[in-house]
Structure formats: structure tokens, C-alpha cells
Amino acid sequence: MEPKNLEEFGCENTVLASPNCGHKWQRFYSRFYFCNLRSALILTIRRWLNREKMAAEMVVHNGGCHCKRVRWRAQSPPNVVAWECNCSDCCMRRNTHFVVPFERFELLGDSEKFLTTYSFGSQSAKHTFCKVCGITSFYTPRSNKGIAITYRCVDPGTLSHVEVKHFDGVNWEKSQNSKDGSNGKFDV
């Protein structure tokens, strides 16, 4: 069965001409269909290669707090987008972070016994920090879609580039709904 549009191939809003519209248009339809099918195939291959490339570009970042009692390991690309949030907590701590999925974060050694957590407002975000030095090297953001890592707490040598963007955490709900990232909604 031939598709009537190319949405299933990743090409939205491309409507194909009817194949039953006469000899003159039949040739056009065949060429048009072939070109769009070829374009859709190329797009699919590019997406697959980008996914493979991103997986190959994952690096292991180690990091932790100032006194080194809290240590962790996380996997992400060497180039990250970090978010500077202006909510009352992040603003006071000057927290600028990037988010990794839960499964790509690991707390090391006996770090857990040196952690304490602070929550406020909606109680959704879990601001975890070291009991000894007070540094928040990571926390669970309000979106609860991963672990937010303070990029300044990553050990030197694994982050190649950090692009810092602003997030309006004062108006969290409105900002959350207006930001689209590669994984859907923005994560803070």
C-alpha cells in the first residue's frame, strides 16, 4: 500500500499526487514519489547515524563535592547544554546544570552517608548536597526526568564544550511548557 503522505517516513506536510490522474501526471507522480521516498530514506539513515554517533561520543564524567566525600560518575556527550535557572534556590547557589538520565548516573563508594536533601515549594525537586562542605554537585530536578549535574563539579578533562542557556525557573510551569528539547520537555 502506498502512503498518501510521508509522515510515516518523517516528512510532515508532504502530500502526494493521486496515482490515477492521467498519463502526463503519472510520470510526475512516479518521479515525485521516488524523490520523496529517497529523501525520507536519507533522513532515516541520517537519524540512525546521528544516534550511533551520539552513542559513540558518550564519555564518562566523574565529579563530586568540594571535600570529595560525595563522588559520582555520569555518562553524557562531551558537549553539553547547561541551564542557568533563576528560581530562588538555583539563583542563590548559582547552579548551572545539565541533565542526564537516571540510568547514566551512579553514586560512588560511601557517598550516600554524606548526603542530605532540601526541598521547598512543590517539594518535587530534591536538592541534594554534601553534609560536610555544603556543595550541591547534583540533584533531582522538579521535572524528575533524570539527574541534574552542576557542570562546575565535573572533574576537569571530559567536558569539551558547555553551552549555557537561561531557564525562567521563577515561572517554572510556563517555561517548562514552552521549551522543547531533544527529549521533549525541558528538564529542571
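Derivation of every value follows stated rules applied to the coordinates shown; laboratory data play no part. Predicted model only: the values in this text are computed from it and were never measured. Cβ coordinates were reconstructed from backbone atoms using ideal geometry, including for glycine residues, and neighbour counts include every protein chain displayed.
Spin-label model, residue 75/residue 92: points 7 Å from Cα along the beta carbon direction are separated by 3.7 nm. Relative contact order of segment 112-164, taken over Cα pairs closer than 8 Å and 6 or more residues apart, is 22 percent. Annotation for residue 45 and residue 113: the two label points, set 7 Å from Cα along the Cα-Cβ direction, are 5.7 nm apart. Distances between placed amide hydrogens fall under 5 Å for residue 126 paired with 140, all partners being 5 or more residues away or on another chain.
Close Lys pairs in segment 59-185 (alpha-carbon distance under 20 Å; sequence gap of 8 or more, or different chains): 14.
Extending 7 Å from the Cα toward the beta-carbon at both residue 158 and residue 103 defines two label points whose distance is 1.8 nm. Each peptide in 83-91, 127-135, 147-155 gets a packing score, the mean of other Cβ atoms within 10 Å over its residues, and the list from highest to lowest is 147-155, 83-91, 127-135.
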